[in-house]
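The values are calculated or read from the model by the stated rules, or taken from the named source; none is laboratory data. Just so you know, these numbers come straight off a predicted model, no measurement behind them. Virtual Cβ from ideal backbone geometry, glycine too; neighbours counted across all protein chains shown. Protein only, heavy atoms only, side chains kept; ligands, DNA and RNA dropped before computing areas. Shrake-Rupley method; radii C 1.70, N 1.55, O 1.52, S 1.80 Å.
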Amino acid sequence: MADLRTDICGLHMCNPVMTASGTFGYGTEFQDFVNLEEIGGIIVKGTTLAHREGNPYPRMAETPMGMLNAVGLQNKGVHYFVDHIYPTIKDINTNMIVNVSGSAVEDYVETAAIINDLDKIPAIELNISCPNVKKGGMSFGVNPKAADEVVSAVRNVYNKTLIVKLSPNVTDITEIAKAAEGAGADSVSLINTLLGMAIDAEKMRPILSTVTGGMSGAAVKPIALRMVWQVSKAVNIPVIGLGGIMNWKDAVEFILAGASAIQIGTANFIDPAITVKVAQGINDYLERHSISSVKDLVGRLEV
């Protein structure tokens with residue numbers, strides 16, 4: 001058995017496999033299909049300061065080798081999370097991580113401060129990259145100055161592991177990554193969904209109520225892989241890779257490109273046990289190549 005243990009700036013994981021926010025609920029929804037404690041980290045669905053209804057239906061559409069979503073961060077707010085969700089997940093023996101979103105810097109700060117007080121939540125993933133929130137959201141993730149502002153503000157109130165999730169809908173993602181690093185991020189995760197759209201030709205209308213939405217799934221993998229490789233060369237903090245990872249081979253490619261850990265998203269909808277299968281696949285790969293630790297695989301790509 002290879003050593004799959006992974007460390008993201010104090011976040012100790014049994015393996016480098018994590019779940020992507022919005023694709024795994026709060027974890028408990030999947031416990032009949034997979035042993036949650038065999039997953040390195042579970043990032044729960046996006047949490048905002050106040051209750052959000054999300055976008056009107058329809059807000060999902062299938063695309064070739066992927067899907068579009070415009071859910072719009074539907075959740076009952078951080079106070080509901082503290083009172084009702086946290087008690088049900090706090091004793092799961094893995095890293096339960098909260099994805100934090102907001103429409104203004106003050107929203108991010110207040111939400112992060114509340115979660116900072118939860119003993120069994122060792123990290124947050126700051127979502128400055130969601131393309132489905134009309135106010136705020138992606139605007140913080142496409143400008144280095146704005147990214148610096150929100151990450152710095154959250155860093156001042158949050159003293160655990162701070163992961164910042166980056167948008168691919170930018171000209172140069174390395175500039176955003178460097179801004180997040182400079183503002184105090186412990187790690188960056190990328191990529192979030194790509195902005196796309198789908199049209200019903202017969203009805204001559206967009207399929208999504210919001211017209212555009214976030215594209216995920218296998219089709220985005222080459223773009224995500226390229227961006228992870230670029231960012232890993234540009235920053236000195238750990239990179240978490242995601243985007244189109246459907247199996248262990250995809251995961252290994254991201255690690256070779258420079259990712260210290262990976263997240264699985266859309267594939268959870270196809271196979272609810274894919275996370276543990278990917279972890280086993282990474283182990284088998286390491287053993288076949290006589291590599292004792294997954295840490296020795298990170299960034300090993302020969303260019």
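Top mean-square fluctuation among V98, V211, V142, Gaussian network model of the chain, C-alpha springs under 10 Å?
Evaluated over the chain, the most mobile residue of the options is V211.
Using modelled amide H (1.01 Å from N, peptide plane; none on Pro or chain starts), what sits under 5 Å from the amide H of G40, excluding residues fewer than 5 places away?
Here N15, V17 satisfy the definition.
In whole Å, how far is the Cα centre of region 264-279 from that of region 216-239?
Cα centroid to Cα centroid, the span is 19 Å.
Which value in Å is the Kirkwood Rh of region 40-149 over different Cα pairs?
So the Kirkwood estimate lands at 14.8 Å.
Packing-wise, with mean Cβ within 10 Å as the measure, how do 248-259, 79-90 rank, highest first?
248-259, 79-90
Any chance you could run the full-extension gain for E287 through R205? It's 0.36 nm times the residue separation minus the Cα-Cα distance, nm to one decimal.
So the chain would gain 24.4 nm between E287 and R205.
To the nearest 0.05, what FRET efficiency results for R226 and I270 with a Förster distance of 25 Å applied to their C-beta separation?
0.55
For region 231-284, compute Rg over Rh where Rg is the Cα radius of gyration and Rh is the Kirkwood radius from the inverse mean 1/r over Cα pairs.
1.00
Using the alpha carbon gyration tensor of region 45-92, what are the three equivalent-ellipsoid semi-axes (square root of 5 times each eigenvalue), largest first, in whole Å?
Semi-axes (√(5λ), whole Å): 27, 15, 6.
Sticking to Cα atoms, compute the Rg of the chain to one decimal and its Dmax as the biggest Cα-Cα distance, whole number, in Å.
Answer for the chain, Rg first and Dmax second: 17.9, 56 Å.
Quick one: which residues, 5 or more positions from N99 or on another chain, have an amide H under 5 Å from its amide H? H modelled 1.01 Å from N in the peptide plane, none for Pro or chain starts.
V44, T47, E125
Report, ordered by chain and residue number, the lysines lying within cross-link reach of K120, taken as a straight Cα distance under 17 Å and ignoring same-chain residues fewer than 8 apart.
K45, K90, K160
Along the Cα→Cβ direction, 7 angstrom out, place labels at M197 and D296. What is the inter-label distance in nm?
Result for the modelled spin labels: 5.1 nm.
Classify region 207-259: rounded, prolate or oblate, from the alpha-carbon gyration tensor (a ≥ b ≥ c, eigenvalue square roots; a/c under 1.5 rounded; otherwise prolate if a/b is larger than b/c)?
Oblate is the answer for region 207-259, as a/c is 1.5 or above yet b/c matches or exceeds a/b.
Under a plain spin-label model, where a point goes 7 Å from the Cα along Cα-to-Cβ, how far apart in nm are N143 and N116?
2.5
Kirkwood Rh over Cα pairs of region 206-303 into Stokes-Einstein at 10 °C, 1.306 mPa s: D in µm²/s?
112
Keeping all protein chains in place and using 1.4 angstrom, which order do D107, D32 fall into by accessible surface area, from largest down?
D32, D107
Ratio of region 1-55's C-alpha Rg to 2.2 N^0.38 Å, to two decimals?
That works out to 1.36 for region 1-55.
Would you mind getting the accessible area per residue of the chain, heavy atoms of the protein chains only, 1.4 Å probe, in Å²?
With the other protein chains kept in place, the chain gives 42 Å² per residue.
Region 11-73: which chymotrypsin sites (Phe, Trp or Tyr not before Pro) are DSSP loop and have at most 14 other beta-carbon atoms within 10 angstrom?
F33
Whenever you get a sec, compute what percent of the accessible area on the chain sits on carbon and sulfur atoms (1.4 Å probe).
Heavy-atom surface of the chain belonging to carbon and sulfur, 1.4 Å probe: 52 percent.
Calculated from DSSP H runs of 4 or more alone, at -39500 (n - 2.57) each and per residue, what is the 222 nm mean residue ellipticity of the chain, nearest 500?
Calculated at 222 nm, the ellipticity per residue is -8000 deg cm²/dmol.
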